[in-house]
Every structure is written in structure tokens, then in C-alpha cells.
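What follows is calculated from the coordinates using simple rules that are stated; it is not laboratory data. Given the structure is predicted, the values throughout are model-derived calculations rather than measurements. Virtual Cβ from ideal backbone geometry, glycine too; neighbours counted across all protein chains shown.
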């Protein structure tokens, strides 16, 4: 029996080798830097994105894919003999990507059955949900089972992160240059988390070490119930030592991925975070 094809979008931030290993198909979002638009992952790698961010004072922006990009993947799955498609995408509260996927699903009705799941999260939180769905599909689960697993997995996924800089907020016009300077002098590190599909403030710390201690504390609080855990980072030099601290707390492998352009455009360089799923 042919398996269910898993489709997601490029905000999942999953490493390429894992995407290939699990047979996941990715629909890219678009990234605009200055006057130039790039297709995420295809025309702009994560490393190239961060290098461009270092070279410009303009804030990158993102755009959802067109329905046609999803239609192409759904039709490819049908042509390849897939029994159905489960498309797991970033939170509908954060992007119009889900609307493109839903429209595409309607367009291919009759050719292949498609279920669109709102992950209610982003970055490796979304990645964690996608991996759970992909593993279920490989194990032979049908479209109903895979869709239900993705929905259940999404409900048990948490994302917590520390931003290293207020620079992207300044570039985006949210605070003036003086406010940015003040933030740098005080080394304020904003903390965020994804709650109910939305990125919410979770406090702030005066130093990076305290911000990382906060994230370690969050993991420690849930450690005995964590089934899967991921560390995501935006070109961070200190990620290895942070991962070691997380590994000492949990009984499962810690997967590491980079914050890609879609999330990085908003979070900024130096962001570090954890995404994990707890037992139900």
C-alpha cells in the first residue's frame, strides 16, 4: 500500500538530511531583502540569509507561497502513487500559508485526498509536528491516522526562545535608534514563546547567560515528560554548550537546526530556542 505524503512549508527549519530521510516535501515561502525577492531554500540558503542580514540595514520581509506551489506538490504526490497527502503548515495566526494550502487542496479534489493541518506553531515546533506525521506515514498509518497524529502532536508542542538583539525591532520601526542603543547598553534579551498559535512575550533578561538559563529552566521543568526536543538557533556560536546543557536534562536525542529566513527575518541573528513535545 502506498504511503501518505507529508508536505510542509520552509518555516519548519528542519535540517535537509532529515527532510530527505523522511521523504518530506517542502513548499518554500518567499524572502525579500531590499528590492530582491528570493525563494527560501532554493535561491537562498540559511547561511546566505544571515550573511545578507549582516550586510544590510533593511529588515527582511516574508511572503506566503501561492496556492500553485502547493498544487504542484499535491499533484506530484498523486503522480507518485501516494494514497493521500497531509500538509502540516505554520500557524494560521502568523501567515496566510495555510490559506494557500487549503485552496490548493480544493483545486486537486478528485485527484488526491489532502488534509491540511494547522500546526499552531513555527520553526522547529512545526518541524517536530512534521517529523511525527512523517514517521507515522512511513510506519503505514492511513491519512486519517496521520492527520490525527499531527493534530495531537501540535497540541503537545511548545516553543520557547530568547532573542539576542532588539535590532530587528528597530529596523522594523517598532523602536527608535535611541531605544535600540539603550537596549544594547542594558543587554536586554527579550524572551518569547508560541502560545495558541501566536508569538507572545515571555519576559526579558538583562544578559544572554540569564536568558539561556531561563530556557534551560523551562526544559528542566518539563524534562520528565519530554518525548522529543529540538534546539533552534540563528547563527549562534554558543549553541554547542547550550545543547550539552539540554542533553543533560532529557532522556531523548536533542536534534539541532538553524533558524531559517522565514523566522529569522523577525527574530534576528543570535536567537536561540527550544521546541519540545510532552507526553499526553
Multiply the residue gap between residue 188 and residue 54 by 0.36 nm, knock off their C-alpha separation, and tell me the result in nm, one decimal place.
46.2 nm
Using only the Cα atoms, work out Rg/Rh for segment 62-158, with Rh taken as the Kirkwood radius, to two decimals.
0.95
Overall dimensions of the chain as given by Cα atoms, namely Rg and Dmax in Å
18.6, 62
Between helix 143-155 and the chain: long-axis angle, C-alpha atoms, 0 to 90°, nearest 10
20
Between residue 61 and residue 200, what is the label-to-label distance in nm when each label sits 7 Å out along the Cα-to-Cβ direction?
2.9
How would you order 273-279, 213-219, 258-264 from highest to lowest mean count of nearby Cβ atoms within 10 Å?
258-264, 273-279, 213-219
Order 195-202, 231-238 from most to least packed using the mean count of other Cβ atoms within 10 Å.
231-238, 195-202
Could you give the distance between the Cα centres of segment 1-51 and segment 218-263, to the whole Å?
21
Taking Cα atoms of segment 213-274, Rg/Rh with Kirkwood Rh, to two decimals?
0.98
Helix 177-186 sits at what angle to the longest principal axis of the chain, using alpha carbons and giving 0 to 90 degrees rounded to 10?
80
How much length would be gained if the chain were fully extended between residue 213 and residue 76, taking 0.36 nm per residue of separation minus their Cα-Cα distance, in nm to one decimal?
44.8 nm
Please report the orientation-averaged projected area of segment 1-120, defined via the convex hull of its C-alpha atoms, in nm².
7.9
Sorting check: for 88-97, 22-31, which peptide has the highest mean count of neighbouring beta carbons within 10 Å, and how do the rest follow?
88-97, 22-31
What angle, in degrees between 0 and 90 and rounded to the nearest 10, separates the Cα long axis of helix 97-107 from the longest principal axis of the Cα atoms of the chain?
10
Which residue fluctuates most in the GNM of the chain (Cα springs below 10 Å): 267, 223, 154?
223
